[in-house]
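Worksheet for the structure shown next.
The values are calculated or read from the model by the stated rules, or taken from the named source; none is laboratory data. Note that the structure is predicted; figures quoted are calculated from it, not measured. All Cβ positions, even for glycine, are placed from backbone atoms using ideal geometry, and neighbour counts span all protein chains on display.
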Amino acid sequence: MQNRASLIVVLGTGGTIAGTAPSAADDSAYTAAQLSIAELLAAVPELASVPIESEQVAQVDSKDMSHAIWQALARRVAHHTARAEVSGVVITHGTDTLEETAYFLQRVLAPAKPVVLTGAMRPATSARADGPGNLRDAVRVALASGRVGRAGVVAVLAGQVHGARQVRKAHPTRLDAFDSGEAGPLGVVQGDGVSWRSDPADHAPAEAPCSAALSFDVARWPRVEIVVSHAGAGGAMVQALVGDGVQGLVVAATGNGTVHQALEAALRAAQAQGVAVRRSVRSGDGRVSGPGAAGLPGAGDLSPVKARIDLMLALMPSMPA
Ligand code: ASP
């Protein structure tokens with residue numbers, strides 16, 4: 001459905017895009033999450049003619065992203081996307097967990113309007129800051145998506161548009177740190193618009209939105225943790241987590257979902273005690289096939305961090321008390 005509204009709401013959450021350093025030459029020794037969303041927008045003169053509203057939802061280094069911020073952010077996105085005059089929502093975010101927030105918002109909201117996350121690899125004070133260009137591109141993608149009826153959560157960084165399910169931070173320092181793995185980006189930013197490389201349906205997860213996360217008490221969200229299978233792995237971590245009341249475990253498995261026998265034994269024992277277990281692969285690309293010899297369900301093409309979100313949402317009661 002085409003969207004004739006033109007107002008863009010920009011929500012700030014912190015990150016390097018809002019970071020400051022003592023000197024404009026400093027791209028690495030900086031403090032994230034210092035500047036307000038209003039200050040970030042003021043640094044992008046190309047957006048002066050675009051109708052924009054902004055709101056500071058959080059101010060964190062996204063390595064410290066919390067479920068409480070996720071819930072607050074999802075509520076604000078739901079609020080704004082429901083407004084008839086809003087064409088789309090842009091979110092500024094730290095790059096460390098941007099892929100997790102993107103997937104969380106897609107799964108919880110499956111928004112009918114574009115929701116675009118962006119960030120930066122260099123602080124706002126850098127002489128070569130990438131944040132202003134990324135923010136400009138994110139707004140352009142939100143507007144361009146609305147014009148052609150593309151909806152859902154995407155990430156826009158370094159001129160590329162990535163789907164929420166596929167996007168990942170693939171490099172710790174490069175300016176083009178993000179990719180979509182073997183799926184490739186949804187499109188590239190070109191001038192004021194976007195050159196789309198694929199149909200949105202190719203990348204959109206089919207799942208219905210898990211709206212319980214909007215209202216369910218964050219303190220009671222199901223606890224799901226990630227363990228890694230590796231040479232010399234054992235079961236002690238799993239046993240400790242089960243003893244600590246974990247409700248779900250995602251194993252980042254080797255190969256095509258294989259798990260070290262000592263870890264597998266502990267995971268099977270956890271499963272027998274009622275803990276939900278999923279196998280994802282630690283290799284980055286591809287999908288884990290079938291339940292495998294371990295009899296532990298696979299997480300499809302989801303990365304371990306996204307499989308954790310998926311399982312947490314699956315375990316969340318759909319009718320909060
Ligand atoms: N630690 C920062 C963050 O995720 C990194 C960044 O934004 O690039 O907030």
Within the range 286-321, considering residues that are over 24 Å from the mean Cα position of the chain (by Cα) and among the hydrophobic types (A, V, I, L, M, F, W, C), the one modelled with the highest pLDDT:
296
Given the condition closer than 22 Å to residue 85 by Cα and assigned to a strand (DSSP E or B), answer yes or no: does some residue in the range 176-187 qualify?
no
Selection within the range 123-137 - within 16 Å of the ligand (Cβ to nearest atom) and either of a type in the set (A, V, I, L, M, F, W, C) or at pLDDT below 95 (or both):
124, 129, 135
Filtered residues of the range 1-26 (kept if more than 11 Å from the ligand (Cβ to nearest atom) and more than 21 Å from residue 86 (Cα to Cα)):
20, 21, 22, 23, 24, 25, 26
When you scan the range 105-122, how many residues do you find that are within 16 Å of the ligand (Cβ to nearest atom) and small (Gly, Ala, Ser)?
2
Pick from the range 69-82, criterion β-branched (Val, Ile, Thr) and farther than 21 Å from residue 123 by Cβ, ranking: farthest from the ligand (Cβ to nearest atom):
81
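This table checks each residue for (1) in contact with an Asp or Glu (Cβ under 7 Å, 6 or more places away or on another chain); (2) touching a residue at least 60 places away in the same chain (Cβ under 8 Å); (3) closer than 19 Å to residue 222 by Cβ; (4) not small (Gly, Ala, Ser).
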position: 54; (1), (2), (3), (4): no, no, no, no
position: 62; (1), (2), (3), (4): yes, no, no, no
position: 77; (1), (2), (3), (4): no, yes, no, yes
position: 80; (1), (2), (3), (4): no, yes, no, yes
position: 84; (1), (2), (3), (4): no, yes, no, no
position: 102; (1), (2), (3), (4): no, yes, no, no
position: 115; (1), (2), (3), (4): no, no, no, yes
Only one of 33, 43, 68, 29 is free of Cβ contacts under 8 Å to residues at least 24 places away in the same chain and either out of contact with any Lys or Arg (no Cβ under 7 Å at 6 or more places or on another chain) or over 19 Å from residue 129 (Cβ atoms) (or both), namely 29
Can you go through 236, 266 and tell me which one is surrounded by fewer than 16 Cβ atoms within 10 Å (Cβ to Cβ) and without any contact (Cβ under 8 Å) to a residue 40 or more places away in the chain?
236
Give me a count of the residues in the range 99-120 that are touching a Lys or Arg at 6+ places or on another chain (Cβ under 7 Å) and among the aliphatic types (A, V, I, L, M).
0
Report, by residue number, each residue of the range 272-285 that is at pLDDT 95 or above and either in a loop (DSSP other than H, G, I, E, B) or farther than 28 Å from residue 66 by Cβ (or both).
272, 273, 274, 275, 282
Applying the selection to the range 257-282, what residues are under 24 Å from the mean Cα position of the chain (by Cα) and of a type outside the set (Gly, Ala, Ser)?
277, 278, 279, 281, 282
Residues of the range 83-104 satisfying the condition of being touching a His at 6+ places or on another chain (Cβ under 9 Å) and either at pLDDT below 95 or within 12 Å of the ligand (Cβ to nearest atom) (or both):
99, 101
Check on residue 184, under 29 Å from residue 216 (Cα atoms), out of contact with any strand residue (DSSP E or B) (no Cβ under 6 Å at 6 or more places or on another chain) and touching a residue at least 12 places away in the same chain (Cβ under 8 Å):
no
Restricting attention to the range 138-149, does a residue exist that is modelled with pLDDT of 95 or more, within 16 Å of the ligand (Cβ to nearest atom) and surrounded by 23 or more Cβ atoms within 10 Å (Cβ to Cβ)?
yes
Single condition residue 301 does not satisfy, out of (1) assigned to a helix (DSSP H, G or I); (2) in contact with a Lys or Arg (Cβ under 8 Å, 6 or more places away or on another chain); (3) acidic (Asp, Glu):
(1)
Any idea which of 62, 66 is surrounded by fewer than 14 Cβ atoms within 10 Å (Cβ to Cβ) and within 16 Å of the ligand (Cβ to nearest atom)?
66
Mind counting the residues in the range 100-109 that are within 24 Å of residue 173 (Cβ to Cβ) and crowded, with 24+ Cβ neighbours inside 10 Å?
3
